[in-house]
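Working notes, beginning with the structure itself.
Values in this text are rule-based calculations from the coordinates and carry no lab data. Owing to the predicted nature of the structure, the values given are computational and were not obtained by experimental measurement. All Cβ positions, even for glycine, are placed from backbone atoms using ideal geometry, and neighbour counts span all protein chains on display.
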Amino acid sequence: MAGKATQKRSKARPKQRFAVSHYREKDFRVNGLRRYAQYRDLGLSKATGGLVQAHVIRLLPPFRAAEVSRRHYHDVDFQMVYVLKGWIRTQMKGRPPIVMKAGSCWIQPPRIVHAVLGYSDDCEVLEIVLPADFRTVELE
């Protein structure tokens, strides 16, 4: 019985392939969602047929509240953020602001309204999102 459930699950998802992403400074690009950030794609979208997006986001100094602190949400099924360097201050709808530091991790519920309220000059986060192709809705 367990074998059939596993078989059904794998048929419903895109075929995955092996992929490796080694650190290279030149892989950080400014062609992502936000102008105040550089993105390093880790290759998971291509390797999973669009099931998962994973990238390292480097937030660029200086923090400018007028540009960065706009309320928005992402039309996703899953979103996880892990702070690699520095700190980031964020606020999710219905919760007080929170500072996340290197080593902190959070899951953002799908379509939750949130805003970035600040970040350190050296802030880098790892973000994992399902699906890879998703929409961001700006509220302000």
Starting with the fewest neighbours, write out K26, K101, K85 ranked by other beta-carbon atoms found within 10 Å of each beta-carbon. K26, K101, K85
Output the Cα-based Rg and Dmax of the stretch 17-79 in Å, rounding Rg to one decimal and Dmax to a whole number. 13.6, 41
Tilt relative to the chain, helix 2-12 - C-alpha long axis, 0 to 90 degrees, to 10: 60
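How big is D, in µm² s⁻¹, for the stretch 27-138 by Stokes-Einstein at 4 °C and 1.567 mPa s if Rh is the Kirkwood radius over C-alpha pairs? Write out the running numbers ahead of the final one.
On the way: Rh = 14.1 Å.
It comes out at roughly 92 µm²/s.
Counting only other residues whose beta carbon sits under 9 Å from that of I57, what net charge do I get with K and R as +1, D and E as -1? Write out the running numbers ahead of the final one.
Details: positive: R34, R40, R58; negative: E124, E127.
The answer is +1.
Counting helices only, and only those DSSP H runs with n ≥ 4, report the 222 nm mean residue ellipticity of the chain as the sum of -39,500 (n - 2.57) divided by its residues, in deg cm²/dmol to the nearest 500. If you can, show how the numbers build up before the last one.
Values: 3 runs with 19 residues, N = 140.
Calculated mean residue ellipticity at 222 nm is -3000 deg cm²/dmol.
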Whole-number percent relative contact order across the stretch 86-136, with pairs defined as alpha carbons under 8 Å at least 6 apart: 44
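Going highest first, how would you order 106-115, 123-132 by mean Cβ packing within 10 Å?
123-132, 106-115
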